[in-house]
């Protein structure tokens, strides 16, 4: 049974969902915040925390290779991740992001949330 598996389909195919989440994590790394629907924000949070946990180990070759396999699109975002973001959370055991609910979007009443670094 697939009860409470934790993954959300987001109404797109798997390959599109993977690239969508990767691009949104890169946006979060680059700009420090992300405003999107609540369902997408929860999935982005999962991937972003996984990436930061990997990057906390330091900028050795294997760690960079593993993070680049998750975020292959922009090398500048990887540099920002390893230089600015990951060193802030070396002592923190988890929970690197904060999800703030912003209410509903007027056009289609979708729940909107803002994802940012703690």
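Before moving on, here are some points about what is shown:
- When residues of region 60-77 are limited to those that are surrounded by 15 or more Cβ atoms within 10 Å (Cβ to Cβ) and free of Cβ contacts under 8 Å to residues at least 24 places away in the same chain, the one nearest to residue 12 (Cα to Cα): 67
- Residue in region 27-40 that is farther than 24 Å from residue 5 by Cα, surrounded by 13 or more Cβ atoms within 10 Å (Cβ to Cβ) and out of contact with any strand residue (DSSP E or B) (no Cβ under 8 Å at 6 or more places or on another chain) present: yes
Throughout, read-outs are computed from the coordinates displayed, never taken from laboratory work. All values derive from a computational prediction rather than experimental measurement. Virtual Cβ from ideal backbone geometry, glycine too; neighbours counted across all protein chains shown.
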